[in-house]
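Before any comments, here is the structure.
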Amino acid sequence: MHERNLPPPPEQRLESVLTVSSDSLVPCAGCGKPFAQRRPNHRYCSPACRMAAFQAKQGKDRAERDAKVRLKLREAIELLEDPTP
Ligand SMILES: [Zn+2]
C-alpha cells in the first residue's frame, strides 16, 4: 500500500474588511458608496459591483446592436414580403 504525502488543505483566510482606516476612501463607480481603495485602478467597492457595471455596459451595447439588427431585419422582411409589381 502506497502512502502519499498529501499537502495540507489550503487555508484561505479572507482579510477582515473592518480594519480599513488608513486607506483612501473613494466613491464606487458602480453604486457610489465610498470604499477603501487599495489599488489606484480599483473603481468598484466589490467584484459584484464591477460585474454589475460590466454587464450593464454590455447590455447597453447589445441593446444598441439589437436595435440596428432589428431594423435591418425589418427592412429585409419588408423586401421579402413586398410583392414585386
Ligand atoms: Zn459598489
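Just so it is clear, none of the values below were taken in a lab; they were calculated from the coordinates. Everything numeric in this text was worked out from a predicted model, so none of it was measured. Don't worry about glycine lacking a Cβ; one is built from the backbone with ideal geometry, like all the others, and counts go over all protein chains shown.
How far apart, in nm, are the 7 Å Cα→Cβ label points at residue 65 and residue 26?
Each label point is offset 7 Å from its Cα along the Cβ direction, giving 2.9 nm.
Dividing the alpha-carbon radius of gyration of region 24-81 by 2.2 N^0.38 Å (N being the number of residues), what value is obtained? Working shown, then result.
Details: Rg = 19.0 Å, N = 58, 2.2 N^0.38 = 10.3 Å.
Normalised Rg, Cα atoms only: 1.84.
So if each residue of separation counts as 0.36 nm, and I subtract the Cα-Cα distance between residue 50 and residue 36, what length gain in nm does that give?
Numbers: separation 14, 0.36 × 14 = 5.04 nm, distance 1.47 nm.
Result for the pair: 3.6 nm of gain on full extension.
Less than 11 Å Cβ to Cβ from residue 28, Lys/Arg counted +1 and Asp/Glu -1: what total charge do the surrounding residues give?
Numbers: positive: 33, 43, 50; negative: none.
That works out to +3.
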